[in-house]
Amino acid sequence: MHQIWKAVKENKLDDLDDADALLAKIMKEHEDEFYNEFEFADILDDFELDFVSIANPFLHIVIHSIIEKQLRGKEPSEVYRFFNAMRNKGADRHEAIHMIATIFTHFIFQELKDKVPFDEAGYRKVLKSYRDKKPENVWTALEKGLDEFSG
């Protein structure tokens, strides 16, 4: 991550492969939020961050890139439809991606916690059922949790 960040700072994105270029783009979008973590990623490599009190910037960037790839490939199609619905209802691009990432993360953590396969049907179901909500109502629903869609 530090090497990618270095390329961002030196404006050498053309030197990166497609996957790293996507991470670089996302890091640049999150520069204000995670500047110190990106800047000192090489030093922090052996240091355990307290991710209870702060977001894991590296996990955040990776999940963000997964959602970007799902949108590019329109797979699953519910991601693309949800994204467009939120944009049409006034959410900016970044906010819509963060909504999807919040939903996606719930299912990833269920997979890891319960040692079960990723619940793609559940993921698709949430995206489809929340697509008709206003962005502020999606956030309210997400704050309450997605347990009703798990398992």
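The values are calculated or read from the model by the stated rules, or taken from the named source; none is laboratory data. Just so it is clear, the structure is predicted and the values come from calculations on it, not from any experiment. We place every Cβ from the backbone using ideal geometry, glycine too, and count neighbours over all the protein chains shown.
Selection over region 15-34 of residues that are in a loop (DSSP other than H, G, I, E, B) and within 19 Å of residue 56 (Cβ to Cβ) gives a count of 1. Inside region 117-144, can you point out the residues that are under 21 Å from residue 87 (Cβ atoms) and aliphatic (A, V, I, L, M)? Listed by number, the residues that qualify are 126, 127, 138, 141, 142. Of the residues making up region 77-112, those that are at pLDDT 95 or above, surrounded by fewer than 20 Cβ atoms within 10 Å (Cβ to Cβ) and among the charged types (D, E, K, R) are 81, 87, 89, 92, 93, 95.
Among the residues of region 1-13, is there at least one that is at pLDDT 90 or above, in a helix (DSSP H, G or I) and among the charged types (D, E, K, R)? Yes: one or more hits.
Restricted to region 113-135, and to residues there that are of a type outside the set (Lys, Arg) and over 18 Å from the mean Cα position of the chain (by Cα), the residue that is surrounded by the most Cβ atoms within 10 Å (Cβ to Cβ) is 129. With the structure loaded, tell me whether residue 92 is over 13 Å from the mean Cα position of the chain (by Cα) and either within 30 Å of residue 5 (Cβ to Cβ) or among the polar types (S, T, N, Q) (or both) or whether it fails that test. So residue 92 fits the description; yes.
The criterion of at least 1 residues that are under 30 Å from residue 41 (Cβ atoms), out of contact with any Leu (no Cβ under 6 Å at 6 or more places or on another chain) and touching a residue at least 60 places away in the same chain (Cβ under 8 Å) is met, among helices (runs of 4 or more DSSP H) falling completely within region 59-151, by 93-114.
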